[in-house]
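Engineer: Before I ask anything, here is the structure I am working with.
Every read-out reported here was derived from the displayed coordinates using simple, explicitly stated rules and does not represent laboratory data. Given the structure is predicted, the values throughout are model-derived calculations rather than measurements. For neighbour counting, all protein chains shown are included, and Cβ atoms are generated from backbone atoms with ideal geometry for every residue, glycine included.
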Amino acid sequence: MTKAREPDGRSLFRRIERNPILSADDWPYPVNSVFNAGAVRLQSGETLLLARAEDMRGMSHLCACRSADGLTDWRIDPEPTLMPDLQNHPEEVWGIEDPRVTWLAERGEYGITYTCYSRGGPGVAVAFTEDFKTFRRLGMILPPDDKDAALFPVRFDGRWAMIHRPAAPHRPAHVWLSRSPDLRHWGDAHILIEAREGAWWDARKIGLATPPLLTDRGWLILYHGVRETAAGAIYRLGAALLDPSDPANVLLRGDEWIFGPERAYERTGDVPDVVFACGLTVGDDGDTLHLYYGAADTCICAATGSLRGLLDWLERNGRPGGQAREL
């Protein structure tokens, strides 16, 4: 009797048929492209996407979009939701990018981490909001070069935690974890997940994709890996699971990518061969996942999956620790 083949990790997420769900043509004001949207389900049950919109100068700002089912009939703010504030935050001189949204129940507000593009390079900034209409900025909290950041929604031993990705020229770029007493001052930094070497899909450069999601088995994170080829870089997604009480402990890390550019809208655009996710939501059933990702730095797309299915796959195919071990 032939043994059934184990499901491929690339079947964990299914693209919706109506992709892209949002593009520049949908915007109520002129933009070049929309992509890399943070996502959250509001108390009303609506899904809010905080999208990166690139204007006709090449500068980015953030714009909120709302949908009852998280897939269709999007209501887009008629003007930019969060613009660079050059007078009070000159570190945003070349735009604000790639938001990730976390509900901070202790504070009763959302924490938004985003990349502020300064004259010195990209750094990590934080802003807070209760309604996505008014915002309170802390400004740049981690200096260049640093990006791909997201907050954990709870404290650990009295301190907040954040995942981010510092980088240095001609050096591998890894995923790091830092801690803070007040969300403004960060330290105790160390590498959480290492980029691998050689021909791996996540060699040399990786970074957080979606904010940490607490499950009954630990903190689920999706991260992007970059493989450099003769034809350019390919951005794909992988998964890892962190200890629920100590996120510095990587319980499992998958060896294979689980989502990569395949469709024409992911392989052709302003930056080809890119799927870049900043948002993941869970449905009312506690299992249905909606993954929101930028495709080719041009449009916003969605895929659906099962939380239980993803965790089961990680348990079968993951290995403990975030180090770049060889096979």
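Engineer: Roughly how many nanometres apart are two label points built 7 Å out from the Cα toward the Cβ at Ser44 and Asp182?
Structural biologist: 3.5 nm
Engineer: Shape call for the range 146-226 from the C-alpha gyration tensor, a ≥ b ≥ c root eigenvalues: rounded (a/c under 1.5), prolate (a/b greater than b/c) or oblate?
Structural biologist: Since a/c reaches 1.5 but b/c is at least a/b, the shape of the range 146-226 is classed as oblate.
Engineer: Using 7 Å Cα-to-Cβ label points, what is the Glu315/Thr288 separation (nm, one decimal)?
Structural biologist: The two pseudo-label positions are separated by 2.4 nm.
Engineer: Mind checking which of His164, His190, His61 has the largest fluctuation in a GNM of the chain, springs on alpha carbons under 10 Å?
Structural biologist: Of His164, His190, His61, the most mobile in the Gaussian network model is His190.
Engineer: Next question. Taking 8 Å as the Cα distance limit and 6 or more residues as the minimum spacing, I'd like the relative contact order of the range 12-319 as a percentage.
Structural biologist: That works out to 16 percent.
Engineer: Filter the trypsin sites (Lys or Arg not before Pro) in the range 113-173 to those in DSSP coil with at most 13 other Cβ atoms within 10 Å of their Cβ, and list the result. Write out the running numbers ahead of the final one.
Structural biologist: Details: sites: Arg119, Lys133, Arg136, Arg137, Lys147, Arg155, Arg159; in loops: Arg119, Lys133, Arg155.
In loop regions of the range 113-173 (DSSP not H, G, I, E or B), the sparsely surrounded trypsin sites (Lys or Arg not before Pro) are Arg119, Lys133.
Engineer: Same structure, new question: Using modelled amide H (1.01 Å from N, peptide plane; none on Pro or chain starts), what sits under 5 Å from the amide H of Lys205, excluding residues fewer than 5 places away?
Structural biologist: Counting only residues 5 or more places away or on other chains, the set is Ala173, Val226.
Engineer: To continue, here is another question. Could you identify which residue out of Arg15, Arg267, Arg107 has the top mean-square fluctuation in a GNM of the chain using Cα springs shorter than 10 Å?
Structural biologist: Between Arg15, Arg267, Arg107, it is Arg107 that shows the largest mean-square fluctuation.
Engineer: Pick from Pro90, Pro78, Pro272: which residue has the top mean-square fluctuation in a GNM of the chain where Cα pairs under 10 Å get a spring?
Structural biologist: Maximum among the listed residues: Pro78.
Engineer: Still on this model: With only alpha-carbon pairs counted, each pair once and no self-pairs, how large is the Kirkwood hydrodynamic radius of the range 91-147 in angstroms?
Structural biologist: Numbers: mean 1/r = 0.0877 Å⁻¹.
It works out to 11.4 Å.
Engineer: Less than 16 Å from a label point 7 Å out along the Cα-to-Cβ axis of Arg57: which backbone N atoms in the range 82-110 qualify, by residue?
Structural biologist: From the range 82-110, the list is 82-97.
Engineer: Can you list residues from other chains, or at least 5 along the same chain, whose modelled amide H is less than 5 Å from the amide H of Leu192?
Structural biologist: Val175, Trp176, Leu177
Engineer: How much mean residue ellipticity at 222 nm does the chain get from its helices, if each DSSP H run of length 4 or more adds -39500 (n - 2.57) and you divide by all residues, to the nearest 500 deg cm²/dmol?
Structural biologist: Rounded to the nearest 500, it is -1000 deg cm²/dmol.
Engineer: Oh, and also: Specify whether the C-alpha gyration tensor of the chain places it in the rounded, prolate or oblate class, a ≥ b ≥ c being the square roots of the eigenvalues: rounded for a/c under 1.5, otherwise prolate if a/b is larger than b/c and oblate if not.
Structural biologist: It is rounded, given that a/c, with a ≥ b ≥ c, falls under 1.5.
Engineer: Can you run phi through the Karplus equation (6.51, -1.76, 1.60; θ = phi - 60°) for the range 232-242 and list ³J(HN,Hα) in whole Hz, with x for Gly and Pro?
Structural biologist: So the Karplus estimates, Gly and Pro as x, are x, 7, 10, 9, 10, 10, x, 9, 8, 10, 10 Hz.
Engineer: To the nearest 20 debye, what is the magnitude of the charge dipole of the chain about its Cα centre, counting +1 on the Cβ of each Lys and Arg and -1 on the Cβ of each Asp and Glu? If you can, show how the numbers build up before the last one.
Structural biologist: Values: 37 positive and 47 negative charges, 121 e Å.
I would put it at about 580 debye.
Engineer: GluC sites (Glu not before Pro), restricted to the range 180-277: which are DSSP loop and have at most 13 other Cβ atoms within 10 Å?
Structural biologist: Glu197, Glu262
Engineer: What does the charge dipole of the range 1-88 about its Cα centre add up to, to the nearest 20 debye, if the Cβ of each Lys and Arg holds +1 and the Cβ of each Asp and Glu holds -1?
Structural biologist: 540 debye
Engineer: Within the range 1-96, report the GluC sites (Glu not before Pro) that DSSP leaves as loop and that have at most 12 other Cβ atoms within 10 Å.
Structural biologist: Qualifying residues, ordered by number: Glu17.
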